[in-house]
Structure formats: structure tokens, C-alpha cells
Amino acid sequence: MNRLAKVGLIIIFALVIAALFAPWIATHDVGATDLSARYLPPSSAHYFGTDATGRDIFSRVIYGARISLRVGVTVVIISATVGTIVGAIAGYYGGWVDRFIAGYLFNVFLAFPGLLLAIAMVAFLGAGLNKLILALSIIGWVGYARVMRAQVLKVRELEFVQAARALGASDLYILWRHILPNAIQPLIVQASLGMAGAILSEASLSFLGLGVPPPAPSWGVMLEEARDLATLQTAPHALIFPGAAVALSVLAFNFVGDGLRERLDPRRHVDR
């Protein structure tokens, strides 16, 4: 695994630690306000300074990791599960099943930009963490389904699959025992990149007021609360730290995804 992937793993490990041990790492109550301490600069009392209502930004960034990782992990699990099932069915059975799923169903979801479709879904479902997760899962499964379909189309023609079919194995057995284990590697890469996409989408929708409602310590909410020009000029730390948290998280999962793609690429081993 390359150096950037190792750096990404270190950042992800730090995020997981922050999310798991947030009550012990946070130095202040994330909801405690103190108007006399508005926009204090970073100091030993407030490592990242304070926001417009005197809340400690460091503590809110730490707790924000919980929201981001919860959204990312849940969306990836739901999307990967649904996408794997749908993609495997389309690739294995082919024919009219594949034409309907790949030719029509995929194109319906791919006809709109992902973020625009997410905004429409959240606007329809309403704001809230669980509704945000549902909306991102509804639009996220297509990527996993396309990857799985492409893999199944290749694996189903291999000799061991044909032999299992000739011996009378059921379709479910063949898919579970022979095809999925040999088609799962690209999904691992897709899941890592999907985590980055889910974290970025949550921050974007929360910034637009369509995600996690305030005063939840979401990184997107923190950016939205500090986005005016006056804040940027007088208290840039209110934007810099939550923005850096989003950027580092997305970069970390992208680095790991690229490293996994390079590691799991069969052509890399053939060249050696």
C-alpha cells in the first residue's frame, strides 16, 4: 500500500478514535453557549476557539466525527447491500432482467446529478439524520450495482461456475459460494470511495440546511453558521477547523480507496 494510503489510514483511525471516545476527548459541552465568549481565538482554554454563541469548536468538531462516520458507515452498508443484490441478479440472469435493471433502472438514477437528486430526496423526506441516511442510500446503491453487475458478467462464464451449474447447484448457491467471493474486490474499493462521498454529501446538505438540523455538531452545520463574510474576516477559525475536518476525512477515504485499487488490481500482480 502506498504512502498516501497509509496516511489515509492514520487519519481514519484518528477519526474513529475521536468518534468512539468523544465524551472523554471533548473539553466542553457541545451545546453550552456563552455569549460573552463569542469568537474567541484558539487558545489553551479553547483549542479551536469558539463560535458565534461561544460554543467550543474543538468539542463540536470531535462530536461531528460521530455524525459523519455514522452517516458514512450506514449509507455504505445499506447501499452496498442493495447494490450487490441488484447487480448480482442483473449480471447473473441477463436477458430481460438485465435489460430492465441496467438499461432502465440504472439510467433513471444516473440521469440526474447525485447531489441534486439528494437535495430533492431530502426536500421530499424532510430534514433529519435518519432521513438523510435514507436519501443518500436511495441514490447511492446504483454505483455498487453497476460494479457488481460488471464483475458477475465476467465471473459467471468461468469454468468453475459452469461446472457448478452442470452439477445441478442452485442459482443462489452459485451466487453465494462461487460468484460473490470472486467479484467482491472492486466493491471494497467502491465502499471506501463511497464513505468519502457520503461524508461530503452529509456536510453539503447540512450546509444547505437540508441535512442534520442545528444545533447538532455537524461539520456542515458549523460551516453554514460561520459562512458570512464578517466571520471570515474576524474569526476565520470558525470556518477553517470544520472545513479542514471535512477535507481531511474525504481525502483520507479517497487515499485509502486509491491504495486498495492499486493493491487489488490483478494486472499489478501479473506485471510482477
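Applying a threshold of 8 Å to beta carbon distances and a minimum spacing of six or more residues, or different chains, the list of pairs starting in segment 95-123 at a residue that is closer than 11 Å to residue 139 by Cα and in contact (Cβ under 8 Å) with a residue 60 or more places away in the chain and ending at one that is polar (S, T, N, Q) and part of a helix (DSSP H, G or I) reads 114/201; 115/201; 115/204; 118/201.
Checked against the criteria, residue 189 counts as under 30 Å from residue 14 (Cα atoms), in a helix (DSSP H, G or I) and either basic (Lys, Arg) or modelled with pLDDT under 90 (or both). Being at pLDDT below 85, part of a helix (DSSP H, G or I) and surrounded by fewer than 17 Cβ atoms within 10 Å (Cβ to Cβ) narrows it down to one residue among 108, 161, 122, 97; which is it? 108 is the lone residue from the list that is at pLDDT below 85, part of a helix (DSSP H, G or I) and surrounded by fewer than 17 Cβ atoms within 10 Å (Cβ to Cβ). Note on segment 222-260: residues that are among the β-branched types (Val, Ile, Thr) and within 12 Å of residue 51 (Cα to Cα) total 3. Every condition in (1) in contact with a His (Cβ under 7 Å, 6 or more places away or on another chain); (2) more than 22 Å from residue 250 (Cα to Cα); (3) not β-branched (Val, Ile, Thr) holds for residue 59 except the one numbered (2). Going by the conditions given, is residue 59 part of a helix (DSSP H, G or I), small (Gly, Ala, Ser), surrounded by 14 or more Cβ atoms within 10 Å (Cβ to Cβ) and in contact with a Pro (Cβ under 8 Å, 6 or more places away or on another chain)? The answer is yes for residue 59.
So that you can scan it fast, the table gives a plain yes or no per residue for (1) exposed (fewer than 15 other Cβ atoms within 10 Å of the Cβ); (2) among the β-branched types (Val, Ile, Thr):
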position: 11; (1), (2): no, yes
position: 34; (1), (2): yes, no
position: 50; (1), (2): no, yes
position: 53; (1), (2): no, yes
position: 67; (1), (2): no, yes
position: 71; (1), (2): no, yes
position: 79; (1), (2): no, no
position: 82; (1), (2): no, yes
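The values are calculated or read from the model by the stated rules, or taken from the named source; none is laboratory data. This structure is a prediction, so every number in the text was calculated from the model and none was measured. Cβ atoms come from the backbone with ideal geometry, glycine included; neighbour counts cover every protein chain shown.
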